[in-house]
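Asker: Okay, handing you the structure first.
Here, each number is a calculation from the coordinates, and none is a lab measurement. Note that this is a predicted model, so its numbers are computed, not measured. Here the Cβ positions follow ideal geometry from the backbone for every residue, glycine too, while neighbour counts run over all protein chains shown.
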Amino acid sequence: MISIRKSVFETNSSSVHAIVIQKDPPKNIYPIKIQEDDYGWSYRTLNTPEERASYFFTALSFLGNSLNEPTKDPRLTMMSLLPKDIRYDCKFKEDDCYIDHCDELLPWLQDLIEDNDKFLRFIFGNKSNVHTGNDNDYDDGFEYPEEGIQNDGSEVFIKGN
């Protein structure tokens, strides 16, 4: 079914997540608490390293079998991406979790696994964030950026469906 809402052509209505990765290397890297969570239609901005790592870990938990990784254990993959001096001090918690249409994140997830610098900029960069919401309305006041490289050099990935 094709619908037009708010002058935007759409083929369905579902969650929209904007993922911003800052250009500059992070200033501080430190142990964090990483846990799975629910990321669906609700409006949230994930600004802290813990929140962004938890989003990444949740995606990794869902999509691990689809990745080009030697291990399918999301904890081991996550540990391999973290710097050696903090990896064993990070705390993991697995719980019931969900990302709406998580398969849309596969290219982004694989990109961060293959580019450790980008992974660290995403997790620990103070200008990196994830904004979750939906395309039913835009009442949260967040203006979704275009996907790709921004004027400030940050990278944006949009998960929509």
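Asker: Per 5 Å bin, what is the whole-percent P(r) computed from every C-alpha pair distance within segment 40-119?
Answerer: The distribution over segment 40-119 is 3, 13, 26, 28, 19, 8, 2, 0, given as percents.
Asker: Which whole-number percent is the relative contact order of segment 21-86 (Cα, under 8 Å, 6+ apart)?
Answerer: Averaging sequence separation for qualifying contacts and normalising by length gives 28 percent for segment 21-86.
Asker: Using the alpha carbon gyration tensor of segment 16-69, what are the three equivalent-ellipsoid semi-axes (square root of 5 times each eigenvalue), largest first, in whole Å?
Answerer: Taking √(5λ) for each eigenvalue gives 19, 16, 13 Å, largest first.
Asker: Roughly how many nanometres apart are two label points built 7 Å out from the Cα toward the Cβ at residue 30 and residue 80?
Answerer: 2.9 nm
Asker: For residue 118, give me every one of the lysines with a C-alpha distance below 25 angstrom, ignoring sequence neighbours fewer than eight places off in its own chain.
Answerer: Residue 118 reaches 23, 27, 33, 72, 84, 91, 93, 127, 159.
Asker: Counting other beta carbons within 10 Å of each residue's own, what order do 111, 96 fall into, fewest first?
Answerer: 96, 111
Asker: Can you sort 90, 102 by how many other beta carbons sit within 10 Å, fewest first?
Answerer: 90, 102
Asker: By counting other Cβ atoms within 10 Å of each Cβ, how are 58, 48, 77 ranked from fewest to most?
Answerer: Listed from fewest to most nearby Cβ atoms, that is 48, 77, 58.
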